[in-house]
Amino acid sequence: MNSVRIAMWSGPRCISTAMMRSFENRNDTFVIDEPFYAYYLNKFGAKHPMRDKIINKYECKSENIISYLTGQVPGQKDIWYQKHMAHHVPLEMDISWIKQVANCFLIRNPKEVILSFQKQFPIKNVEQLGYKQLYKLFNFHVEHLGFIPPIIDSQDVLDHSRDVLTKLCDKVNIPFSDNMLSWPAGGRDSDGIWGKFWYKNVEQSTGFQRYNSVDIKLPNHLEDFYKECLPIYEELHSNRILA
């Protein structure tokens, strides 16, 4: 099998770390955790936990990050799974480099994202949620590569893990592996150092948990963010891989 670089784009709070666990549990895959995070913190000054430690430990120059991500697959592996947060890539960034990777999209209903994210940080602008950036990436892909990239919804992955992951693997021309359905509990050396703050739940997991619906009213001050993100989510959702 030829080397495959999978760039999985998502917003925050979208089972993205569980997906990284799923791919890392394959024998043929190397994973990287949010390679643009330090760049994002350094560029925008976001006051996230461990901000200074992250900036000091990881690459902050976008051109160096892109060169690495489009280079040789590390670890003598066939597959490189790149976990990307779309909001780490500013709307003004040149994203032409994504033509060199197999782009995939992991989405979640914005109501659920907002409810989860606001428990960690105040939401001050819609760009924090990543939907605008996802839409830019999606449209660029369709325009320049000529086809709709694979899109998976978090709820579908949780409820129909085998079916959705099998179809996702087929879309990116890799074989499905049963190893993707479960993994050992605990942290990983591949986790970013921010995992101490963000990954407590996934560190206790050994597989995908069944979806639990969220039926909580959004606070009034977050309704406008939801209304702005919802049409983007609905368009992406309409093009998703079906179980």
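General remarks:
- Amide H to amide H, with H built 1.01 Å from N, Arg5 comes under 5 Å of Trp80, Ala102, counting only residues 5 or more places away or on other chains.
- Residues in region 63-73 carry Karplus couplings, in order, of 5, 6, 5, 5, 4, 5, 5, 9, x, 5, 5 Hz; the curve used is 6.51 cos²θ - 1.76 cosθ + 1.60 with θ = phi - 60°, and Gly or Pro positions show x.
- Listed values for region 150-160 are Karplus-derived 3J(HN,Hα) couplings in whole Hz (6.51 cos²θ - 1.76 cosθ + 1.60, θ = phi - 60°), namely x, 10, 10, 9, 4, 4, 5, 4, 5, 7, 9, and x replaces Gly and Pro.
- Taking all Cα pairs closer than 8 Å and separated by 6 or more residues, the relative contact order of the chain comes to 28 percent.
- Region 82-125: C-alpha gyration tensor shape, a/c 1.5 cut-off, then a/b vs b/c: prolate
- Checking every one of the trypsin sites (Lys or Arg not before Pro) in region 48-124 against DSSP loop status and a limit of 11 other Cβ atoms within 10 Å picks out Lys61, Lys119, Lys124.
- For region 191-203, the Karplus equation 6.51 cos²θ - 1.76 cosθ + 1.60, evaluated at θ = phi - 60°, returns couplings of 5, x, 5, 5, x, 4, 8, 9, 9, 4, 5, 5, 5 Hz by residue, with Gly and Pro reported as x.
- Amide hydrogen proximity for Ile151: with H placed 1.01 Å from N in the peptide plane, the residues at 5 or more positions away or on another chain lying under 5 Å are Phe105, Ile241.
- A straight Cα-to-Cα reach below 15 Å connects Lys227 with the aspartates and glutamates Glu112, Glu127, Glu235, residues fewer than 8 places away in its own chain not being considered.
- Out-of-range pairs (alpha-carbon distance over 23 Å; input Lys119/Lys196; Lys83/Lys136; Lys132/Lys200; Lys77/Lys136): Lys132/Lys200; Lys77/Lys136
- Semi-axes of the equivalent ellipsoid for region 39-79, computed as √(5λ) from the eigenvalues of its C-alpha gyration tensor and ordered from largest down, come to 25, 12, 7 Å.
None of the figures in this text is laboratory data; all of them are computed from the coordinates on show. Model, not experiment: these values are computed from the prediction. Positions of Cβ are backbone-derived with ideal geometry, glycine not excepted, and every protein chain shown enters the neighbour counts.
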